Amino acid sequence: MQSPFGTPPLSDNIRAEARALGFGLVGIAGPDRSKHLAFYRRWLNEGYNGEMGYLARPDAVSRRGDLRGTMAQVRSVVVVGLDYLSEAGGEEPNDASVGVIARYARGRDYHSVVKMKLLDLAERIQAHIARPLMARAYVDTGPMLERDLAHRAGIGWFGKNTMLIHPRRGSWFFLGALLLDLEIEPDTPFPVDHCGTCTSCLDACPTGALLGRDDDGAPVMDARRCISYLTIEHRGPIPRELRSAIGNRIYGCDICQDVCPFNSPKLVEITKEPDLKARDHVDGQLLINLMEMDEVAWDNFSRGSALRRGKRAGFLRNVAVALGNWGSPAAVPALVRALGDGESLVRGHAAWALGRVGGSAAHAALSARLEVEVDSSVRAELELELDH
């Protein structure tokens, strides 16, 4: 579709405007029905979505397969990628006393950062056309298959870790989609899967959540075993058999991205977006200090961040597990205080952590708490640790 000024084409103007807003990647996809819906349904039928029931709602599944269920007038989709890596580097420092938060959650909440840029992009596109524009912006919030759209827009391929990977930018970027009622020539879908025989991500996943590719070549993840799911989306107790594998990761997990060859420091782009830079009060905090957070401290710590999705109880549950994995007697006082937390989820995992640390002080605290604990799930944790 040509702009009212003849040349350049509107698609070129859109790309230029998107890049001016800081998007490192931009492509255009058509509104065609997704060819991945059958795989998505199989994934749901296996129960791999865990407690994320919203992914399986019939209306949401239908809308993921056909964008017209979200916006009847959609004629094209602008898909963008915004880099979020604060600094290049390999694995996290080897210090079990420090909590590790996934890189995407260390800055300001990406939903608002990317969406504001998309809305700005819509206004800029409006300036290039002679009629009112209908547009809707989505950033990991609406029922759509963003990675499928990004693949169709030529941005990258589906890695074995289920991430969308760009050959020269890796996977450290957020995806956003702008649905438009404009007919724009779509880009060619990304043609090649560059993973080849590499199994680095599968081999490195400590909980065995990555299951390789299915018979159709689609990457499969059992979210119920994924550290990101367990520490964010999962609301109840973390399965005991998986706790030790979580290590000191207290919100999300980057292991499968850290080991990906396409995320080599020589290839990835460091974000130029100030709001996505890691915030000092979030990055690299001692687990003991985090375990002490009350509601006010949690509110200050998580304000304006994607961390809020896990809520205080879920976050401190994760911190307790990390303290148990650290196993230092220095963690005992904080864990003993956590036995009196108002949230049973926190108390139960503090009990597990004290059992892992061991020692007379931990044993005495567990025994004392068992005498007054009324929650059955917490009592079960206390009894198991005392038996051990």
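Read-outs throughout are calculated quantities, based only on the coordinates presented, and are distinct from any laboratory measurement. Here the structure is a predicted model, which means the values were calculated and not measured. Positions of Cβ are generated from backbone atoms using ideal geometry, with glycine treated the same way; all protein chains shown enter the neighbour counts.
Couple of notes before you dig in:
- Farthest toward positive dipole pole in the chain [+1 Lys/Arg, -1 Asp/Glu at C-beta], among L67, Y138, G358: L67
- Top positive-direction residue, dipole computed over the stretch 286-388 with Cβ charges, set V372, W326, L339: W326
- If you take all other residues with their beta carbon under 14 Å from the beta carbon of V332, and give Lys and Arg +1 and Asp and Glu -1, the sum is +1.
- Backbone HN-Hα couplings from phi across the stretch 102-116 [Karplus 6.51/-1.76/1.60, Hz, Gly and Pro as x]: 3, 4, 5, 9, 7, x, 5, 3, 5, 4, 6, 4, 6, 5, 4
- Left without a cysteine partner by the 4.7 Å Cβ rule in the chain: C195, C198, C205, C226, C253, C260.
- Protection proxy ranking of 327-336, 76-85, 122-131, by the mean of other Cβ atoms within 10 Å over each peptide's residues and highest first, is 76-85, 327-336, 122-131.
- Residue order, fewest to most surrounding Cβ atoms within 10 angstrom, among I270, I288: I270, I288
- Highest-first packing order for the peptide set 207-215, 189-197 is 207-215, 189-197, based on the mean count of other beta carbon atoms within 10 Å.
- In a simple Cβ point-charge model (Lys, Arg +1; Asp, Glu -1; nothing else charged), the chain has a dipole of about 720 debye relative to its Cα centre.
- Each principal axis of the chain carries a Cα extent, and these read 80, 42, 39 Å when sorted largest first.
- About its Cα centre, the stretch 286-388 has a charge dipole of approximately 440 debye under the convention of +1 per Lys or Arg Cβ and -1 per Asp or Glu Cβ, with nothing else charged.
- The stretch 286-388 - Kirkwood radius from inverse mean 1/r over Cα pairs (Å): 13.5
- Per residue, the chain reaches -10500 deg cm²/dmol at 222 nm when only DSSP H runs of four or more residues are counted, each adding -39500 (n - 2.57).
- Highest mean first, the peptides 162-173, 352-363 sorted by other C-beta atoms within 10 Å per residue fall in the order 162-173, 352-363.
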